[in-house]
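The values are calculated or read from the model by the stated rules, or taken from the named source; none is laboratory data. All figures in this text were calculated on a predicted structure; none of them were measured in a lab. Please note that ligands, DNA and RNA were not included when accessible areas were found on the heavy atoms of the full protein model with its side chains. Shrake-Rupley method; radii C 1.70, N 1.55, O 1.52, S 1.80 Å.
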Amino acid sequence: MEELVGLLRIRVKKGINLARRDSLSSDPFVVITMGSQKVKTRTVENNCNPEWNEELTLAIRHPNESVNLIVYDKDTFTSHDKMGDAKIDIKPFLDVHKMGLEKLPDGTEIKRVVPTRDNYLAETSSIVSNNGKIFQNMILLLRNVECGEVEIQLEWIEIPGSRGL
């Protein structure tokens, strides 16, 4: 069995201006995958600006493995409609975590990550220290869709006795 290096908690906060897939609105939910792992939020009915505020956790065994986010519109009698997707670039976040900077004063900005064609960020994202933990807030611009963004927050959870990053 492969050794666990830690847990990545992803707070899926909200969707912003998501695409309409039903006649009046959509019933969106988010699926996040990493390798064989798959976690999802609940469905928010009839809302193109849903607030999920849900914490989803992935076990990290390979820090370089890609993390994918897909938004779907729930359909009861047909397959769910895709409402866009994005890759979550966790490398800058993991690089900062390796530095061991958890003891910084609350609110200290450790690093800024600017949007590029490769990272799906809608705006500059900050990695900050708060309550002895490191967080990264980001708004992801969905691709393969006419509009939509998803706001998330990353948090690293150390596993006692793990080899770490």
Q | Residue-averaged [θ]222 nm for the chain, counting only DSSP H segments that reach four residues, each worth -39500 (n - 2.57) | A | -1500 deg cm²/dmol
Q) Accessible surface of residue 159 in the full protein assembly, 1.4 angstrom probe, to the nearest 10 Å²? A) 40 Å²
Q) Rounded, prolate or oblate: which fits the chain, taking a ≥ b ≥ c as square roots of the Cα gyration tensor eigenvalues, rounded meaning a/c under 1.5, else prolate when a/b beats b/c? A) prolate
(Q) Can you give me the solvent accessible area of residue 89 with a 1.4 Å probe, rounded to the nearest 10 Å²? (A) 60 Å²
Q: Pick out which of 37, 136, 153 has the largest mean-square fluctuation in a Gaussian network model of the chain, springs linking Cα atoms closer than 10 Å.
A: 37
Q | Per residue accessible area of the chain, 1.4 Å probe, in Å² | A | 54 Å²
Q: Springs between alpha-carbon atoms under 10 Å, Gaussian network over the chain: tell me which of 76, 124, 108 tops the mean-square fluctuations.
A: 76
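For the range 20-164, which whole-number percentage of the solvent-accessible area (1.4 Å probe, protein heavy atoms only) is attributable to carbon and sulfur atoms?
Numbers: 3690 of 7930 Å².
After summing per-atom areas, the C and S share lands at 47 percent.
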**Q.** Solvent-accessible area of residue 57 with every protein chain in place, 1.4 Å probe, in Å² to the nearest 10
**A.** 60 Å²
